[in-house]
There are 2 protein chains.
Amino acid sequence: MLSSRNVWIFIQAEKKHICHRSSKHFAGLNKSRDSSVITPSPLSSFSLSKSLSGLSAARRGLIHRKMSENGVTSRRSKVLTIDTMNATVKKVEYAVRGPIVQRAVQIEKELNEGAKKPFTEVIKANIGDAHAMGQQPITFFRQVLALCSYPELMNENSFPEDAKGRAHRILQGCGGKSIGAYSASQGIECIRQDVARYIERRDGGVPCDPDNIYLTTGASDGIVTMLKLLVSGEGQSRTGIMISIPQYPLYSAALAELGAVQVNYYLNEEKCWSMDISELQRSLEAARQHCNPRALCVINPGNPTGQVQSRECIEEVIKFAAKENLFLMADEVYQDNVYADGCEFHSFKKVLFEMGPEYSGTVELASFHSTSKCYMGECGFRGGYMEVINMDQEVKAQLTKLVSVRLCPPVPGQALMDLVVNPPQPGEPSYNTFMKERTATLSNLAEKAKLTEQILNTVPGIMCNPVQGAMYSFPQITLPERAIKEAKEKGQAPDMLYCMKLLEETGICLVPGSGFGQRDGTYHFRMTILPPTEKLKILLSKLKEFHQKFTQQYS
Amino acid sequence: MLSSRNVWIFIQAEKKHICHRSSKHFAGLNKSRDSSVITPSPLSSFSLSKSLSGLSAARRGLIHRKMSENGVTSRRSKVLTIDTMNATVKKVEYAVRGPIVQRAVQIEKELNEGAKKPFTEVIKANIGDAHAMGQQPITFFRQVLALCSYPELMNENSFPEDAKGRAHRILQGCGGKSIGAYSASQGIECIRQDVARYIERRDGGVPCDPDNIYLTTGASDGIVTMLKLLVSGEGQSRTGIMISIPQYPLYSAALAELGAVQVNYYLNEEKCWSMDISELQRSLEAARQHCNPRALCVINPGNPTGQVQSRECIEEVIKFAAKENLFLMADEVYQDNVYADGCEFHSFKKVLFEMGPEYSGTVELASFHSTSKCYMGECGFRGGYMEVINMDQEVKAQLTKLVSVRLCPPVPGQALMDLVVNPPQPGEPSYNTFMKERTATLSNLAEKAKLTEQILNTVPGIMCNPVQGAMYSFPQITLPERAIKEAKEKGQAPDMLYCMKLLEETGICLVPGSGFGQRDGTYHFRMTILPPTEKLKILLSKLKEFHQKFTQQYS
């Protein structure tokens, strides 16, 4: 045990580092204006907390207090350090905005500052951010949003009547007829009604109760909220959540933060990333040895894998969930993004209800949708909804209470969600333009999905499943043994080494497969199909060239 | 221990309840369309989970699986029940949208359906929702938002040039020049720069680094994120967070959810809800017996109490935090809402820097602002920012990573935050209108703050401190012993009984003091000053009448 006296000596010994380090450390804050500020060296606080980390928190607190009493307040260790912060937060990883993307941003800055590189721009194919890649917003949606923001525009002749009608209806649902008012925490009532009617149309008449709809801050918010409800128990009884591998890293990040057990099931790459019930069973049995698996998450159409699950597969998954008493979570944010011939989107809810009351009356399901994907790609608005089916009424009351703490989802995002579920209808003035824009975007995505698959499969050492849906390809790449060895020596995932080199040499920003999970010994990357066609062709051609060069270099 | 055989018998015994209960229970879902669906009775699942709740989760899982194998899948207990859900979520309470507000919404529906009541409308004075109470948005802000939503409006002559300039600048900062693109997770860079310049102006030149600014989804998001970083340890070492009593219940709700220890310090009602250092000391010493207090939260101007802390008080609080090694969290969302003569808003950051390098170089501070309050009241946009000072660089990297999982705060809210920190300047075309609107709103609030205090203090048994700032009064009410007894018999807080009766008899919706915390044996309510002046007068007059009647009735 360290006595407070020892700590004091320790600090004295460290003090000599303080002065010449501090100005650098807080360079951002102090800049030229207040260079007299003297701050503790990060090294000194780090070392101190390291040296104290064997002590209990209360004991450390005592030591800090003793330090204060000794008059060293200004040189005390920070309250919040990497050692004393929330440990579960440290475990969180999110590759889609991870180190490779940070480096891409840095390279962009270097290019702007005139740095010479073997390329003139960074092409970001790391994130499903359609507008950033040049996709145009749907005119009707933006007209209604402008009208909602500034209702004085209702008097303008330049706005079509159906846009005014939608804006009027949304504003009627808002407190004080302003989108600046809080909404009900579950979302604006008339919008939840529109969502319910949309789901009924989509699912061929299966009934939907607006009371089961919760508007959310993007789909992520709904997913995290549902996971939060499900997590309980300790040790062997701790909640396990089954997620696909590869997965969208929101899931692993949320599970890490909530301290739940991540239970992996592998998608079948050989069968176009489909789900195998035998693999679900294996995964579940294994998990039951050490935790309490309670929910099964499915992303369909798939992210990062781009597959579209068949109706048969969904039915089997539902049967499996029913048999094993698992709560189903269906992430269906790409429901309009289906490109491949013979593929069709089937919502989990529709299949569930077609399976009859034995299932539709019992299986608990939460499904998620968003304004961020499909043909609209309005990520910045953070709109979304979730529908809960067969949820226990007491739990639902708890859910409603929980979302009320954050007051309400952003109202502009709610308005946008309303337009997505209630777009212009035949006969309305905006219908033709809307359909033209929608079709153009979806056809263009379909074309790029095919293009991506085709070109990638011409490269020896790259193997790409059909991009049946969503916005991504997730090809397997063969890496030379020497590259794998080098990466391991660097403590890096081999596909991270590959993607980092790709970025530095070509300006192309992809996310390594290791950020999504993959079978041991296999390597992948996720690439969006979102860049404009001409840019996508350049990207694919550069990628092809890079892959060949990389393979040669390490062979 | 229950064997699976016993459970099976138990279920058989319960089955007779199933059929006639199910249709009622799922009435919402099934409505008239699919009345054939048979669902388990909520009573049966509840009883089952109750009876199983003594068993381990793994054992319960086993029983459910046995049940499935026996072919009772369709009658199995739910996966997610009140007994098996996240226990910390159950502890969360949020009075501002609690039972009294739910009842108010119900009464509104009853009135709409023609029910006869002693009043014709519900007056909601429960939540700081300015637009819902008729406050008009700032024209300039909404013009810019319309331009950002639908940039085709840039060609319209009816929009002023400064609005176009702001919209252009914001759109330049967006991916693909669209507010539909994701922003950087920390927020759009040029907006963070504008925030930094605003803080420098506000604080008389104290430097602000845009890298210390994080744009957020309302202030709530920033506060919860900071608390999340701070929580660690178990048992005696568990993080304690000091919050004022009365408090804004976001804090208690977030602490419950995070499993942190809520450490109460009482504001001094006799001294106009000021902070006493001796009380902080008492609270801290007591807390150190059972947890590890690491942060001190201050709301200034105060919610629900409406006080404005003096510069001296803030300086003492900072010294206390420095001495006791506490991380400071300053909730400053009402920074423009200061009404009382002699009161002035002092930001914690400004005072901290005026105290010299001994403090400014060491005390860790996070401060929060929002688009929801002040003169703009744009709650629905969920805009906000936080500034972190002296945060450990490694922790900051973790913070940046953590916020990246949720991708980005809503971009329309970010745009609005930009306008708040960068409003029209003298000489710009919109300046005069902007200033006129801003001043009118703030003067009106000041008038209503005074009116509320004056009228409330004319009622015997109501004692109201000056509403120096923010948007609330939090008067103390004297309740007759008989009313207190009746409430206790009902298991209700006495001020809840009072507020519920007030709602039923007059249509006025307030929040009981028990939802914010108060000294034992004292009773309060929180009332916003937001209703339009004429309606506020009616409200206060009805309240006065009710209080007198209530007092008589129970005396």
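At-a-glance table
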{"read-out": "Some residue of segment A:154-163 being in contact with a strand residue (DSSP E or B) (Cβ under 8 Å, 6 or more places away or on another chain) and modelled with pLDDT under 95", "value": "no"}
{"read-out": "Matching entry among B:Asn112, B:Asn126 (being within 13 Å of chain A (Cβ to nearest Cβ) and touching a strand residue (DSSP E or B) at 6+ places or on another chain (Cβ under 8 Å))", "value": "B:Asn126"}
{"read-out": "Residue within segment B:131-145 that is closer than 21 Å to A:Gly180 by Cβ and among the aromatic types (Phe, Trp, Tyr) present", "value": "yes"}
{"read-out": "Test: residue in segment B:118-133 that is surrounded by fewer than 19 Cβ atoms within 10 Å (Cβ to Cβ), among the acidic types (Asp, Glu) and in a helix (DSSP H, G or I)", "value": "no"}
{"read-out": "Residue list for segment B:134-158, filter: within 9 Å of chain A (Cβ to nearest Cβ), farther than 30 Å from B:Val105 by Cβ and either charged (D, E, K, R) or part of a loop (DSSP other than H, G, I, E, B) (or both)", "value": "B:Tyr150, B:Glu152, B:Glu156, B:Ser158"}
{"read-out": "Residue in segment A:329-348 that is within 12 Å of another protein chain (Cβ to nearest Cβ), touching a residue at least 40 places away in the same chain (Cβ under 8 Å), within 16 Å of the chain's Cα centre (by Cα) and part of a loop (DSSP other than H, G, I, E, B) present", "value": "no"}
{"read-out": "Count of segment A:356-373 residues which are under 15 Å from the mean Cα position of the chain (by Cα) and either farther than 17 Å from A:Asp221 by Cα or more than 10 Å from every other protein chain (Cβ to nearest Cβ) (or both)", "value": "4"}
{"read-out": "Qualifying position, being of a type outside the set (A, V, I, L, M, F, W, C), at pLDDT below 95 and under 17 Å from A:Leu416 (Cα atoms), among A:Ser237, A:Ser220, A:Ser232", "value": "A:Ser220"}
{"read-out": "Segment A:298-328, subset assigned to a helix (DSSP H, G or I), among the hydrophobic types (A, V, I, L, M, F, W, C) and more than 14 Å from every other protein chain (Cβ to nearest Cβ), residue farthest from A:Gly233 (Cα to Cα)", "value": "A:Cys313"}
{"read-out": "Options B:Thr452, B:Thr439; residue that is surrounded by fewer than 21 Cβ atoms within 10 Å (Cβ to Cβ) and part of a helix (DSSP H, G or I)", "value": "B:Thr439"}
{"read-out": "Pairs with Cβ under 9 Å, 6+ apart, first in segment A:131-160 and hydroxyl-bearing (Ser, Thr, Tyr), second in a loop (DSSP other than H, G, I, E, B)", "value": "A:Thr139/A:Ser430; A:Thr139/B:Tyr150; A:Ser149/A:Ile179; A:Ser149/B:Pro137; A:Ser149/B:Tyr150; A:Tyr150/B:Pro137; A:Ser158/B:Glu156"}
{"read-out": "Qualifying residue in segment A:448-468 (condition: at pLDDT 95 or above, of a type in the set (D, E, K, R) and in contact with a helix residue (DSSP H, G or I) (Cβ under 8 Å, 6 or more places away or on another chain))", "value": "yes"}
{"read-out": "Checking A:Gly175 against (1) farther than 22 Å from B:Lys396 by Cα; (2) surrounded by fewer than 19 Cβ atoms within 10 Å (Cβ to Cβ); (3) within 11 Å of chain B (Cβ to nearest Cβ), the condition it does not meet", "value": "(2)"}
{"read-out": "Evaluation of A:Glu394 against (1) over 26 Å from the mean Cα position of the chain (by Cα); (2) over 30 Å from B:Tyr251 (Cβ atoms); (3) not aliphatic (A, V, I, L, M) (one fails), failing number", "value": "(2)"}
{"read-out": "Every pair of residues 6+ apart whose Cβ atoms lie under 7 Å, when the first sits in segment A:384-408 and is of a type in the set (Lys, Arg) while the second is not in a strand (DSSP E or B)", "value": "A:Lys401/B:Val92; A:Lys401/B:Tyr94; A:Arg406/B:Ser220"}
{"read-out": "Test: A:Lys401 is part of a helix (DSSP H, G or I) and out of contact with any helix residue (DSSP H, G or I) (no Cβ under 6 Å at 6 or more places or on another chain)", "value": "yes"}
{"read-out": "Residue within segment A:295-302 that is in contact (Cβ under 8 Å) with a residue 12 or more places away in the chain, aliphatic (A, V, I, L, M) and farther than 24 Å from A:Phe525 by Cα present", "value": "yes"}
{"read-out": "Residue among A:Gln393, A:Gln335 that is under 30 Å from A:Leu147 (Cα atoms) and in the same structural domain as A:Pro304 (by TED's automatic domain parsing)", "value": "A:Gln335"}
{"read-out": "Candidate set: segment B:221-250, residues that are closer than 16 Å to B:Glu93 by Cα and facing chain A (nearest Cβ under 9 Å); chosen: the one nearest to the chain's Cα centre (by Cα)", "value": "B:Leu250"}
{"read-out": "Qualifying residue in segment B:400-408 (condition: of a type in the set (S, T, N, Q), facing chain A (nearest Cβ under 9 Å) and crowded, with 24+ Cβ neighbours inside 10 Å)", "value": "no"}
{"read-out": "Answer from B:Met496, B:Met500, B:Met527 - the residue that is part of a strand (DSSP E or B), touching a residue at least 60 places away in the same chain (Cβ under 8 Å) and closer than 28 Å to B:Ile243 by Cβ", "value": "B:Met527"}
{"read-out": "A:Ala321, sole failed condition from (1) buried (at least 24 other Cβ atoms within 10 Å of the Cβ); (2) closer than 26 Å to A:Lys450 by Cβ", "value": "(2)"}
{"read-out": "Condition broken by A:Leu445, with the remaining ones in (1) buried (at least 23 other Cβ atoms within 10 Å of the Cβ); (2) in a loop (DSSP other than H, G, I, E, B) satisfied", "value": "(2)"}
{"read-out": "Residue match in segment B:542-550 (condition: within 25 Å of B:Leu267 (Cβ to Cβ) and buried (at least 22 other Cβ atoms within 10 Å of the Cβ))", "value": "yes"}
{"read-out": "Residue that is on the phi < 0 side of the Ramachandran plot, within 8 Å of another protein chain (Cβ to nearest Cβ) and of a type in the set (Ser, Thr, Tyr), where the choices are B:Tyr214, B:Tyr198, B:Tyr182", "value": "B:Tyr182"}
{"read-out": "Segment A:377-388, residues that are within 8 Å of chain B (Cβ to nearest Cβ) and in contact with a helix residue (DSSP H, G or I) (Cβ under 6 Å, 6 or more places away or on another chain)", "value": "A:Gly377, A:Glu378, A:Gly380, A:Phe381, A:Arg382"}
{"read-out": "Residue under evaluation B:Thr139, criteria (1) modelled with pLDDT under 85; (2) surrounded by fewer than 22 Cβ atoms within 10 Å (Cβ to Cβ), criterion not met", "value": "(1)"}
{"read-out": "So B:Ala219, is it of a type in the set (Gly, Ala, Ser) and farther than 18 Å from B:Leu296 by Cα", "value": "no"}
{"read-out": "Wholly within segment A:195-297, helices (runs of 4 or more DSSP H) carrying at least 1 residues that are farther than 19 Å from A:Ala366 by Cα", "value": "A:250-258, A:277-288"}
{"read-out": "Given (1) crowded, with 24+ Cβ neighbours inside 10 Å; (2) without any contact (Cβ under 8 Å) to a residue 12 or more places away in the chain, index of the condition A:Gly427 fails", "value": "(1)"}
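The values are calculated or read from the model by the stated rules, or taken from the named source; none is laboratory data. These numbers were taken from a predicted model, which means no experiment stands behind them. Heads up, the Cβs are rebuilt from the backbone with ideal geometry, glycines too, and the neighbour counts pull from every protein chain shown.
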